[in-house]
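Scroll down for the structure; my scribbles are underneath it.
The values are calculated or read from the model by the stated rules, or taken from the named source; none is laboratory data. For clarity, every value in this text was computed on a predicted model and none was experimentally measured. Please note: Cβ atoms are built from the backbone with ideal geometry, for glycine as well, and neighbour counts cover all protein chains shown. Only protein heavy atoms, including side chains, enter the accessible area calculation; ligands, DNA and RNA are left aside. Shrake-Rupley method; radii C 1.70, N 1.55, O 1.52, S 1.80 Å.
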Amino acid sequence: MNIIVLGASGFLGSKVYNRLKAISEFNTIGTCFRNRQNSELITLDIVDEKQVKELLNRVTPDIVLWSLLSKDYPMERELTHKGLMNVIKEMKKSCKLIYITTDGFAEGRGNYSERDIPSYIESTNPINLYIKSKIEAEDIVKKLDNYVIARTGPMYGMDALLSWDKRTAELIHSLSNGREIIRTSNLYKTFVNVDDFAASLVEMIQIDFKGVIHVGPDVKESYYSYNVKIAKKLNLDTSLVKENCISKYEAIERCISLDTSMNTSKCRKVLKTKFRNIDEYLIQGL
Ligand SMILES: NC(=O)c1ccc[n+]([C@@H]2O[C@H](COP(=O)([O-])OP(=O)(O)OC[C@H]3O[C@@H](n4cnc5c(N)ncnc54)[C@H](OP(=O)(O)O)[C@@H]3O)[C@@H](O)[C@H]2O)c1
């Protein structure tokens, strides 16, 4: 089976790529863009039609995994409207596209199932362009015959080089330097461990699953509880993690969805991969 991992130099993509490379019956090709630390990867700018055409015609993938993210939000729209379209144009019809997306649920009532449709958020929230691009991409992907849309909340864990994800790295850096950080205690998400997610994507490649799936444990966390738990485990000074709360009025004013946690019961039915909650992850050791 020929597999292309788009974004194999990234946080999630590198984890999936390494797992797939260890499976001998797969011919796995990974791409990078500006981060060329892994010399095995092929440099690809997804918005460059010629480069995408050359790669897809050469590899003729059975699976394409989209694990791309732009460093700036306006560019994310280019990734969707040029990059994703470039890939779809060159993929054979039977090729399965696995598209990684996010919990863009605007009204913030929590416990969102796969039947719930993500919605646009107002431009007063800086992530609106990112969410808009992801929603537009989901609409494009849903028109394909063979697709998986895997939605995740914030991903955490260590990357292939044992560096923490950006949010956790910021926590460690601040607390190690005696600096306080403030995190919101009523902003809830389904935090997903990157290794569990990577394992589930490898499983999704191996089983006959199509459609939308919410991945992650069945427990939600607030940004505050997440940070306190990690700080405690790492023997950092938890008293430096301060708590704030966003009022309903402020949430409406700033277009902040207070609870975008996902109902993940489907992934427990469909997949064997276990998604650990933060407590389980921390008990098992880092
Ligand atoms: N991280 C999270 O908490 C989170 C939460 C929800 C959903 N997601 C989704 O999960 C996926 C993976 O996220 P991540 O955190 O692993 O992202 P990441 O670490 O930032 O990796 C992004 C990847 O995209 C590549 N890339 C960027 N622009 C490109 C371009 N023009 N052409 C080709 N490649 C390009 C990067 O290449 P270089 O590194 O080589 O430049 C990198 O390999 C994304 O689709 C994201 O929307 C992430």
* Within the bounds of the stretch 82-97, is there any residue that is within 8 Å of the ligand (Cβ to nearest atom) and either surrounded by fewer than 21 Cβ atoms within 10 Å (Cβ to Cβ) or within 30 Å of residue 220 (Cβ to Cβ) (or both)? -> no
* Take residue 191 and decide whether it is closer than 24 Å to residue 243 by Cβ and open to solvent by less than 20 Å² (accessible area, probe 1.4 Å). => yes
* Structure fact -> So the helices (runs of 4 or more DSSP H) completely within the stretch 125-223 holding 3 or more residues that are closer than 30 Å to residue 236 by Cβ are 166-176, 194-206
* **Given (1) open to solvent by less than 50 Å² (accessible area, probe 1.4 Å); (2) polar (S, T, N, Q); (3) over 28 Å from residue 125 (Cα atoms), index of the condition residue 37 fails** => (1)
* Residues 200, 163, 185, 176: which one is at pLDDT below 95 and either within 15 Å of the ligand (Cβ to nearest atom) or surrounded by fewer than 21 Cβ atoms within 10 Å (Cβ to Cβ) (or both)? -> 163
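Please go through the stretch 1-27 and pick out each residue that is of a type in the set (S, T, N, Q), open to solvent by less than 50 Å² (accessible area, probe 1.4 Å) and more than 10 Å from the ligand (Cβ to nearest atom).
First pass over the stretch 1-27, keeping only residues of a type in the set (S, T, N, Q): 2, 9, 14, 18, 24, 27.
Filter once more, keeping what is open to solvent by less than 50 Å² (accessible area, probe 1.4 Å): 2, 9, 14.
If the condition is that a residue be of a type in the set (S, T, N, Q), open to solvent by less than 50 Å² (accessible area, probe 1.4 Å) and more than 10 Å from the ligand (Cβ to nearest atom), then 2 is the only one that fits.
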* Among the residues of the stretch 28-77, how many are within 9 Å of the ligand (Cβ to nearest atom) and among the charged types (D, E, K, R)? -> 6
* **Matching residues, the stretch 238-286, being modelled with pLDDT under 95, assigned to a loop (DSSP other than H, G, I, E, B) and among the aliphatic types (A, V, I, L, M)** => 256, 286
* Is it true that some residue in the stretch 132-146 is modelled with pLDDT under 95 and of a type in the set (Lys, Arg)? -> yes
* Structure fact -> Across the stretch 224-237, the tally of residues that are open to solvent by less than 30 Å² (accessible area, probe 1.4 Å) and either part of a loop (DSSP other than H, G, I, E, B) or farther than 16 Å from residue 282 by Cα (or both) stands at 0
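Are any residues in the stretch 104-124 in a loop (DSSP other than H, G, I, E, B), open to solvent by less than 60 Å² (accessible area, probe 1.4 Å), touching a residue at least 40 places away in the same chain (Cβ under 8 Å) and not aliphatic (A, V, I, L, M), and if so, which ones?
Residues of the stretch 104-124 in a loop (DSSP other than H, G, I, E, B): 104-111, 113-124.
Next, only the ones that are open to solvent by less than 60 Å² (accessible area, probe 1.4 Å) stay: 104-106, 108, 110, 113-114, 116, 118-119, 121.
From the residues that got through so far, the ones that are touching a residue at least 40 places away in the same chain (Cβ under 8 Å) too are 104-106, 108, 110, 113-114, 121.
Listed by number, the residues that qualify are 104, 105, 108, 110, 113, 114.
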* Hey, could you check the stretch 56-77 for residues that are modelled with pLDDT under 95 and among the acidic types (Asp, Glu) and say which is most open to solvent (accessible area, probe 1.4 Å)? => 72
